1. From (1) within 17 Å of the chain's Cα centre (by Cα); (2) at positive phi, pick out the condition that doesn't hold for GLY90.
2. Taking the residues in the range 125-149 that are closer than 17 Å to ILE190 by Cβ and not in a strand (DSSP E or B) as candidates, determine which candidate is farthest from the chain's Cα centre (by Cα).
3. Give the number of residues within the range 108-122 that are in contact with a Pro (Cβ under 9 Å, 6 or more places away or on another chain) and either surrounded by fewer than 20 Cβ atoms within 10 Å (Cβ to Cβ) or small (Gly, Ala, Ser) (or both).
4. What are the residues in the range 72-94 that are in contact (Cβ under 8 Å) with a residue 24 or more places away in the chain and under 23 Å from ARG255 (Cα atoms), if any?
5. Quick one: which residue in PRO172, PRO144 is crowded, with 24+ Cβ neighbours inside 10 Å and either within 21 Å of GLY239 (Cα to Cα) or in contact with a Ser or Thr (Cβ under 6 Å, 6 or more places away or on another chain) (or both)?
6. Give the residues of the range 45-71 that are over 27 Å from ALA177 (Cα atoms) and touching a residue at least 40 places away in the same chain (Cβ under 8 Å), sorted by residue number.
Amino acid sequence: MNPTLAVVGAALVVVASGAACTTNNASSTNASTTSAQSAEAPSANQAMTPNVLSSDETAAGWRLLFDGKTTSGWREFRKQSVSPGWQVIGGSLVRADSAAGDIITTDQFRNFELALDWKVPEAGNSGIFYRATEQADIIWQAAPEMQVLDDAKHVDGRNPLTSAGASYAIYPAPRGAVRAAGEWNSARLIVNGNHVEHWLNGTKMVEFELGGADWKDRVAKSKFNTMPMYGTAKEGHIGLQDHGDRVEFRNIRIRVLP
């Protein structure tokens with residue numbers, strides 16, 4: 001995320017067992033059912049052909065957002081095409097050069113489960129945005145972000161609020177889930193109504209309700225409190241962040257939830 005963004009002043013709520021923050025809401029029951037069903041999405045460590053859906057995934061409603069060969073289905077935020085800074089290299093969608101810009105899907109999504117693999121070098125930093133709207137001047141002014149980071153070498157890794165898997169600067173991530181720089185990580189993002197879950201390498205990192213009292217309190221204590229559109233869109237684009245570092249994505253797939 002933007003390195004000038006202030007860290008949220010709210011007290012961290014971290015369960016001793018390492019589980020991420022949760023909020024009590026009736027929708028959590030339905031979301032838990034969704035989470036159990038989402039085990040159909042393979043992780044980065046499972047044997048699979050990159051950027052190819054299995055017959056079981058296809059039957060379960062998954063579709064690819066990246067074909068492993070082209071940038072079809074993506075464009076730069078508030079532009080009509082993908083800049084040369086994003087390249088397809090060895091079956092991965094790579095932020096490979098300067099001035100790449102944040103990119104978004106051409107399609108928009110309301111309720112969905114997103115799964116992908118990501119990899120960064122030492123001190124690498126990026127992010128996965130959701131429900132992004134181009135009514136904002138900059139993507140992170142409105143779209144919540146799942147942090148992509150090398151926790152060990154990047155300064156943001158010192159704070160759970162800005163570590164890999166966190167809801168950037170809003171909900172902290174537990175320790176121990178992210179893999180070392182240069183290794184693939186498997187991320188899963190569930191957005192169902194107001195209910196959101198971040199998963200990293202099979203570990204639930206955060207779980208919260210968009211627009212709930214706790215969410216509003218945390219946003220009010222962050223720099224996002226000057227951004228009235230932040231986290232309010234009910235539908236929007238999936239986005240991948242250009243934070244100035246190399247980052248690779250593959251196996252980007254999604255299924256729409258009812």
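1. (1)
2. ALA143
3. Of the residues in that region, 2 qualify.
4. Residues satisfying the conditions are GLY73, TRP74, ARG75, GLU76, PHE77, GLY91, SER92, LEU93, VAL94.
5. PRO144
6. If the condition is that a residue be over 27 Å from ALA177 (Cα atoms) and touching a residue at least 40 places away in the same chain (Cβ under 8 Å), then GLY61 is the only one that fits.
Where a number appears in this text, it was derived from the coordinates with a stated rule and is not lab data. If you're wondering where the values come from, they're calculated on a predicted model, not measured in any experiment. Using ideal geometry, Cβ is built from the backbone for each residue, glycine included, and neighbour counts are taken over all protein chains shown.
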